[in-house]
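Just so you know, all these numbers are worked out from the coordinates, no wet-lab data involved. The model shown is predicted, which means the values in this text are computed figures rather than measured ones. Note that we place each Cβ from the backbone using ideal geometry, even for glycine, and neighbour counts take in every protein chain shown.
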Amino acid sequence: MVVNLKKIAKLREVNLRKVGAYLFLVAVLLALYAPIFLVIVYSFTDANGLQWKGFSLELYNRLFVTNVAVKRAIFNTLIIALASSLIATLIGTMTAIGVNVMRKTPKTIFLGINQIPVINADIVVGISLMLLFVSMGLPEGFLTLIIAHSVICTPYVVLSVLPRLMMINSNTYDAALDLGATPTQALYKVLFPQLTLGMRNGFLLAFTLSLDDFVVSKFNNGGIDTISTYIYNRLRVKGMDPTFRALSAIIFLLVLVFLVAYNISSTKRRKYSRKIVNLQAKG
């Protein structure tokens, strides 16, 4: 009987810990997402402040029909983010491949250098790139923004691809060369397919960083507004615009849908790969 009571007490203690952990997790999630949920709710009412005046799509109508400047800023942001993410993914992947074959000391030094843009203050990077473009005579605009965003995103792609690269058996690349493939063919047909997951993660991270960037864009935009710089300029001149609530809600929901679809696709792909491996093992 004493033993049973001890077991019951231990089970109760474990259950209390689990409940406490779940409550803590719920509290953290509420603290993170309650403000975003509030923005989404009030994006469906036409009010300057947090005053519910009834359901309305007026803010979305202003955003997509009336406000041309917002549409231009969204277009600029998407073009810059897409271009810089593709460039960063390509350069970062090739850099990670090169770092992976280095010896220990040069590899450690290069990875330390790669970390500098990650931990460095954005304002230092923004001013440095601005001075570089001025010294080179490059006019500020789309080109400088794409180059600047590629610079700040590439180190993150390297950090995303390198762990995946370390998991790959390097003998597959050498085997492709022994079977007659050129280094370029071995790179694109053997190595890149195995790095797809890391490259996708790096691209998504670079795309998100580019969308979110303000400081580097502010110093190198040359008058071309992205979403972040447009909101800053608008707040400074005319104060809070209610359409920002609708814009924030759309950005959050699009990112959420994209991430959910990506996770579902990745899960299905992993299950399919496991089935293939199991069938090969049985065969």
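When only alpha carbons of the chain are considered, Rg and Dmax amount to 24.9, 86 Å.
Farthest towards the positive end of the charge dipole of the range 19-116, among the residues 55, 101, 20, is the Cα of 101, using unit charges on the Cβ of Lys, Arg, Asp and Glu.
Helical content alone sets the calculated 222 nm signal of the chain at -26500 deg cm²/dmol, taking -39,500 (n - 2.57) per DSSP H segment of four or more residues and averaging over every residue.
Please report, ordered by residue number, every helix of the chain (full DSSP H runs) that is 15 Å or longer along its axis going by C-alpha atoms and whose mean Kyte-Doolittle hydropathy reaches 1.6. The answer, listed by residue number, is 122-136, 142-167.
Estimated from the Cβ-Cβ distance and a Förster radius of 35 angstrom, the FRET efficiency linking residue 181 and residue 104 is about 0.75. Take the Cα of residue 115, step 7 Å toward its Cβ, do the same at residue 33, and the gap between the two points is 3.3 nm. For trypsin sites (Lys or Arg not before Pro), the sites in the range 11-114 that DSSP calls loop and that have at most 15 other Cβ atoms within 10 Å are 53, 103. Can you give the FRET efficiency for residue 142 and residue 16, using 1/(1 + (r/R0)^6), R0 = 45 Å, r = Cβ-Cβ distance, to the nearest 0.05? Computed FRET efficiency for residue 142 and residue 16: 0.20. Take the Cβ atoms of residue 82 and residue 47, set R0 to 35 Å, and the FRET efficiency comes out at 0.55. The Cα center of the range 108-129 and the Cα center of the range 213-240 differ in position by 23 Å. The modelled label-to-label distance for the pair residue 58/residue 94, using points 7 Å beyond Cα in the direction of Cβ, is 5.3 nm.
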